[in-house]
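Below is one structure, written out as structure tokens; comments come after it.
The values are calculated or read from the model by the stated rules, or taken from the named source; none is laboratory data. The shown structure was predicted, so the numbers you read here are calculated from the model rather than taken from an experiment. Note that each Cβ is placed from the backbone with ideal geometry, even for glycine, and that neighbours are counted across all protein chains shown.
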Amino acid sequence: MTKYIFTTGGVISSLGKGIASASIGKIMESRGFKIALVKLDPYINVDPGTMNPYQHGEVYVTEDGAETDLDLGHYERFTSAETSKFNNVTTGQVYNSVISKERRGDYLGKTIQVIPHITDEIKARIRKAAHASGADIVIVEIGGTVGDIESLPFLEAARQFRLDEGYNNVLYVHLTLIPYVRSADELKTKPTQHSVGKLREIGIQPNILICRTEKPISEEMKEKISLFCNVAKTAVIEARDAETIYQIPLVFKEQGLDKIVLDHFNLRSRSTDLKDWNEKVVKRALHPKHKVTVAIVGKYIELQDAYKSIYESLNHAGIYNDTRVIFKKIDSEAIEKDGALKFLKDVSGILVPGGFGSRGIEGKIAAIRFARENKVPFLGLCLGMQCAVIEFSRNMCCFKNANSTEFDHKTKYPVISLLEEQKNVKDMGGTMRLGAYPCRIKAGSLAKRIYGKNRISERHRHRYEFNNKYRKSLEKGGMVFSGIYPNKDLVEIVEVKNHPFFIAVQYHPEFKSKPDVPHPLFRDFITAALKVKR
Ligand code: GLN
């Protein structure tokens, strides 16, 4: 019988519900259970693929090509659970399918309502994810904050789940904030009481409270929270701000969260201590021997979430290299204004991430030129690869003003362009080259040294491709095309000769890095950066 844990959030957003859910997943997995994680998102978009990073942060891409919420990235980084299109359910998807069924006549004669039709669809999708994964424990994270209008149908579905599945097969975890009020020098529990009150109004009594706090929560305060929120004192878990997110599973484990879950579900399992995770990830992340500064040249650098998986992948590479990676986040438009030297002269590595639209492109190209000419280790991702090709074409192959047709559709040298199949695409949602594609690696290349394999598979999310018309000329100029998608002969990896580390890829390696298994590209990028003396 599958067990279900629902996580909700209260008081404010951005409390780290995704990390909390992933951490619960981690500790239950370490006890030998197969787990799956599902994110329910209350917005009406079918997926986040059409939202810009200011609205949504990073769009995380799964193996099967679903464009999903960035919390799925946490799920995959913390646990060995694989996510797919079943693991992110949005209000848009739910209504879309209910309305199509209605038009087909599936509900003939009936009035279609939020309860039961929308809630049934939500429950069916949770069960589908459970079934597809074959998990023992499914953790369902409900987006938004309790009290929002939008998330009500999801909460109602979560309430009904316990009726359907039985009391001991469903558990509710509520993540809340215990704010510290400086003027009173006190932690305050009232917002949590109200937030739990709101949940109870809906019919959900949380079993576990995870309390985000800046300061330690005293025993008396735990008693008070327990009494007012009707939650066992042992189930009031303190979650103080941690130095690294990878500590959180240990914090939960120390307070016996896994035991509370097991008791509720009447499950038994051996106890584990997460020793490997502690030794290989947490300790190394907290006390690195070296440090290195790398530049991230993008246009959403002021947002914490826009390049989430990239920052995490760099952290993983740091953990492996016993190094604290310091991010120098540079707005590519600032480089356009003041030149690359001003911002890049003191960095040991330069990374140009993915992106869409022409704003800031010339700054990225200037940063890549700086990396190439000054032999600074360079890693280009997706748009970063396309910009590397543009830079090389302009400055090493005399293709003056070469460009991608995304930014200049009349360019004389369209070194990056659309495939015929993309030219006919009308709908914007879910129509890019998405998800995992195989890639063949060239012998003797840097890519071969990095991966140590001839064939790899990586995840994609882009419309434009390298234009094969220019392959010969660029090769003559010294560019190496070291990774190819064989079925369509598409360029996946480019390198530059006579450079210590210059590699750019059309795909997104950042979606496949884990704290204990860093992605080889990031791992070797940081190793190369460490060799640069600054
Ligand atoms: N805008 C480019 C394309 O669509 C790159 C996309 C990306 O970096 N994810 O091909």
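Summary table below
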{"quantity": "Output for the stretch 441-493, where each listed residue is at positive phi and among the small types (G, A, S)", "calculated": "G444, G452, G478"}
{"quantity": "Where a residue in the stretch 253-279 is under 30 Å from Y320 (Cβ atoms) and its partner, wherever it lies, is of a type in the set (A, V, I, L, M) and not in a helix (DSSP H, G or I), with Cβ under 7 Å and at least six apart", "calculated": "K253/L274; Q255/I237; L257/I208; L257/I237"}
{"quantity": "Cβ-Cβ under 9 Å pairs, at least 6 apart or on other chains, the stretch 190-201 side outside any helix (DSSP H, G or I), far side modelled with pLDDT of 95 or more and buried (at least 16 other Cβ atoms within 10 Å of the Cβ)", "calculated": "none"}
{"quantity": "Exclusive hit being of a type in the set (V, I, T), buried (at least 23 other Cβ atoms within 10 Å of the Cβ) and assigned to a loop (DSSP other than H, G, I, E, B), set V140, V146", "calculated": "V146"}
{"quantity": "Some residue of the stretch 317-332 being within 16 Å of the ligand (Cβ to nearest atom), within 21 Å of L446 (Cβ to Cβ) and not small (G, A, S)", "calculated": "no"}
{"quantity": "Failed condition for C211, given (1) under 22 Å from F6 (Cα atoms); (2) part of a loop (DSSP other than H, G, I, E, B); (3) not small (G, A, S)", "calculated": "(2)"}
{"quantity": "Some residue of the stretch 393-402 being within 20 Å of H508 (Cβ to Cβ), out of contact with any His (no Cβ under 7 Å at 6 or more places or on another chain) and within 16 Å of the ligand (Cβ to nearest atom)", "calculated": "no"}
{"quantity": "Residue that is among the acidic types (D, E) and modelled with pLDDT of 95 or more, where the choices are D305, D263, D276", "calculated": "D263"}
{"quantity": "Odd one out for Y437, checked against (1) closer than 17 Å to R463 by Cβ; (2) part of a strand (DSSP E or B); (3) in contact with a helix residue (DSSP H, G or I) (Cβ under 6 Å, 6 or more places away or on another chain); (4) not polar (S, T, N, Q)", "calculated": "(3)"}
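Yes/no per residue for (1) among the small types (G, A, S); (2) in contact with a strand residue (DSSP E or B) (Cβ under 6 Å, 6 or more places away or on another chain); (3) modelled with pLDDT of 95 or more:
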{"site": "M1", "(1), (2), (3)": "no, no, no"}
{"site": "F6", "(1), (2), (3)": "no, yes, yes"}
{"site": "G18", "(1), (2), (3)": "yes, no, yes"}
{"site": "S21", "(1), (2), (3)": "yes, yes, yes"}
{"site": "A36", "(1), (2), (3)": "yes, yes, yes"}
{"site": "L40", "(1), (2), (3)": "no, yes, yes"}
